[in-house]
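Single-structure report; data block below.
The values are calculated or read from the model by the stated rules, or taken from the named source; none is laboratory data. Please read all numbers here as calculations on a predicted model, not as lab measurements. Cβ coordinates were reconstructed from backbone atoms using ideal geometry, including for glycine residues, and neighbour counts include every protein chain displayed.
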Amino acid sequence: MIKHIMPLTLNITILILLMKTIKEAVFLAKRYLKERKLPDSAIDLIDRTMASIKIMDEVSKESIQELKNTLESLIKEKTEDPLF
């Protein structure tokens, strides 16, 4: 059933899920999400993971840009100061 539902979510997230990923999600959902039934628990697990990855990607881009700006200002400061 998950094989039929996942293409619908792929249109939204633009991520390609391999069968191995789906199998692992089913395994983990069976093991850790016992209060919910398959396939809902596996789909929820995949959805949460993809959302977390998207958030981490967005945050890391901002952090990298901040670090680049800090580095550039330090380099500029160092080249302008004759004591260094």
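When the stretch 29-81 is filtered for residues that are in a loop (DSSP other than H, G, I, E, B) and farther than 30 Å from L18 by Cα, only D81 remains.
Would you confirm, using the coordinates I've provided, whether F84 is assigned to a helix (DSSP H, G or I), among the aromatic types (F, W, Y) and either surrounded by 11 or more Cβ atoms within 10 Å (Cβ to Cβ) or modelled with pLDDT under 80 (or both)? Here the answer is no, as F84 does not meet what is asked.
Per-residue answers, yes or no, for (1) surrounded by 14 or more Cβ atoms within 10 Å (Cβ to Cβ); (2) within 14 Å of the chain's Cα centre (by Cα); (3) not basic (K, R):
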{"site": "L18", "(1), (2), (3)": "no, no, yes"}
{"site": "E24", "(1), (2), (3)": "yes, no, yes"}
{"site": "F27", "(1), (2), (3)": "no, no, yes"}
{"site": "R31", "(1), (2), (3)": "no, no, no"}
{"site": "E35", "(1), (2), (3)": "no, no, yes"}
{"site": "I53", "(1), (2), (3)": "no, yes, yes"}
{"site": "M56", "(1), (2), (3)": "no, yes, yes"}
{"site": "K68", "(1), (2), (3)": "no, no, no"}
{"site": "E72", "(1), (2), (3)": "no, no, yes"}
